[in-house]
Each structure stands twice: as C-alpha cells, then as structure tokens.
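The values are calculated or read from the model by the stated rules, or taken from the named source; none is laboratory data. Remember, predicted model here, so these are calculated numbers, not experimental data. Reconstructed Cβ throughout: ideal geometry from the backbone, glycine too, with neighbour counts over all protein chains shown. With ligands, DNA and RNA removed, areas are computed over all heavy atoms of the protein, side chains included. Shrake-Rupley method; radii C 1.70, N 1.55, O 1.52, S 1.80 Å.
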Amino acid sequence: MTALILLSGIVLLGAGVQWLTGMGFALVAVPALILLLGPAEGVALANCAAGAISVVGLAGGWRRVRPAAMVPLCAAAACTVPAGTWLTRQLPPPFLLLTMGALVTAAVLLVMRGARLPALGGRGGALTAGAVGGFMNSAAGVGGPPISLYALNAGWTVREFVPNAQFYGVVVNAFSVTANGVPGLSAAQWTAVAGAMLTGGLMGRAVADRTPEHQARRLVLLLALTGGVTAVAKGVWTL
C-alpha cells in the first residue's frame with residue numbers, strides 16, 4: 001500500500017508540473033520512479049506517462065508546431081533511441097542508477113545556467129539536440145533538456161516552445177515505448193497512475209495562470225536536480 005501511495009504521489013507531482021510548465025514530467029518523476037520501481041520499469045513508465053500527457057497537451061497547440069525544426073529533431077531521435085535502450089539492458093542496476101542520475105543532473109545544470117552552445121544552432125543543432133534527446137529519453141526517460149537548450153539557443157519564446165516540446169514528447173516517447181516496452185505494472189498500479197495523471201493535470205491547469213513562469217521553472221529544476229543527485233547517491237551506495 002505504501003508503494004502504491006508513493007507511486008501515485010510521484011506521478012501526480014510530475015503530471016502537475018507538466019501541465020504547469022509545458023514539460024517536466026520526466027525531470028521530476030524519473031529519479032523517484034527508478035528508485036521506486038527500478039531503472040527499467042521506471043523509465044518505461046515515464047515514457048508511457050510523458051507521452052500520454054504530451055498527446056493531450058498538443059491537442060490545443062498543434063497549429064504552432066514548427067515542422068522545419070521538428071523533422072530533424074525527431075528523425076535524429078529515432079536513430080539514437082535504440083542505443084539508449086541497449087545501454088539500459090547492458091548495465092547492472094547500480095551503474096544504471098549512476099548513469100541516469102548523472103544524465104539528469106548534468107542536463108538540469110546546463111539548463112539552469114542557460115547554456116548557449118554554438119553546436120546547437122541551425123539544422124545541425126536540431127540534429128544534435130534530437131539525437132542526444134532521443135538517447136537520453138530511452139536510456140534515462142529524460143529527453144527534454146537538450147530540446148530546451150536548442151530552443152534557448154534558437155531564441156524561441158515560451159509560447160513557441162511549449163507546443164513544439166509537446167510534439168517532440170509525443171514522437172520520442174512513442175519511439176521509446178516501442179524500444180523499451182510497456183512496464184509490467186499490476187492493475188492496481190495502472191489505476192493509480194491513471195488517477196494521479198488526471199488529478200495532477202487538473203491541479204496543474206488550475207494553478208498555471210497564477211504561478212509566475214520563472215517560479216514554476218525554478219521549482220521544476222530544483223526538484224529534478226534533487227532527484228538526480230539522489231539517484232547518483234543510491235547508485236554509489238548500492239555499489
């Protein structure tokens with residue numbers, strides 16, 4: 001029962017953050033999910049949940065998607081998703097925790113610093129961000145930070161970024177679910193996940209207009225950083 005409550009709380013928080021900021025489910029939820037369910041199941045569940053939330057979120061903003069940027073991003077991601085899946089199946093659980101925690105932590109720190117990287121400019125930047133995002137999404141369940149960095153370097157506004165990030169989330173999570181499979185949860189766990197996603201979404205939408213964007217963004221990054229560091233610490237401990 002305790003594990004079920006924890007699972008519901010993690011998904012509820014992640015879904016609320018996703019609706020509040022446009023993305024962030026995986027950043028917030030993945031470190032906790034891999035600690036609760038294990039690396040493989042945690043990442044697979046994150047892929048499923050983040051993809052489903054992105055589908056719903058995209059329904060109202062698909063007209064603002066930029067095909068010229070999204071085609072190379074998604075094509076590159078499709079090429080690297082299998083490599084991320086292969087990595088998760090080769091590493092022992094402690095090393096997986098270390099790898100995933102390190103990927104999350106490094107990505108969050110780059111986003112927090114607002115890193116501007118020449119390599120992320122133009123078509124080449126889209127291919128680089130998409131490739132790194134696809135690999136990270138299938139390996140660690142977190143493919144958003146490279147897209148955030150690409151959007152930052154491209155000078156996108158939040159209004160431009162959100163629908164495109166959701167479109168990328170739909171595509172890359174579809175690839176990742178195909179590669180990683182669906183998590184083997186019980187009926188009670190799936191019911192709890194579905195209820196938490198719905199409740200979290202409603203809560204996120206309710207507070208979205210009342211929360212300044214910079215505060216919401218800071219909260220997401222701090223939660224993600226805490227989770228990433230915790231996953232690294234557990235990986236070191238279990239070694």
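Charges only on Cβ, +1 for Lys and Arg, -1 for Asp and Glu: so what's the dipole of the chain about the Cα centre, in debye to the nearest 20?
Numbers: 13 positive and 4 negative charges, 94 e Å.
Dipole size: approximately 460 debye.
Computed over protein heavy atoms with a 1.4 Å probe, the accessible surface of the chain works out to 46 Å² per residue.
On the basis of the beta-carbon distance and an R0 of 22 Å, residue 5 and residue 112 show a calculated FRET efficiency of 0.10.
Using the Kyte-Doolittle scale, which helices in the chain average at least 1.0 and also have C-alpha atoms spread 20 Å or more along the helix axis, with helices defined as whole DSSP H runs? Walk me through the numbers on the way to the answer.
Values: long enough: 2-21 (29 Å, 1.80); 39-58 (28 Å, 1.37); 67-90 (35 Å, 0.80); 93-113 (30 Å, 1.80); 122-140 (26 Å, 0.52); 158-180 (31 Å, 0.53); 187-208 (31 Å, 0.93); 213-238 (38 Å, 0.60).
Answer set is 2-21, 39-58, 93-113.
Whenever you get a sec, compute what percent of the accessible area on segment 44-131 sits on carbon and sulfur atoms (1.4 Å probe).
Numbers: 2930 of 4190 Å².
On segment 44-131, the fraction of accessible area on carbon and sulfur atoms equals 70 percent.
Computed from label points 7 Å out along Cα-Cβ, the spacing between residue 218 and residue 236 is 2.7 nm. Quantify how much of the Cα-Cα distance distribution of segment 4-152 extends past 25 Å, in percent. Taking all Cα-Cα pairs of segment 4-152, the fraction more than 25 Å apart is 26 percent. With the charge dipole of the chain set up from +1 on Lys and Arg Cβ and -1 on Asp and Glu Cβ about the Cα centre, the Cα lying farthest toward the positive end among the listed residues 7, 86, 71 is that of 71. Extending 7 Å from the Cα toward the beta-carbon at both residue 83 and residue 71 defines two label points whose distance is 2.3 nm.
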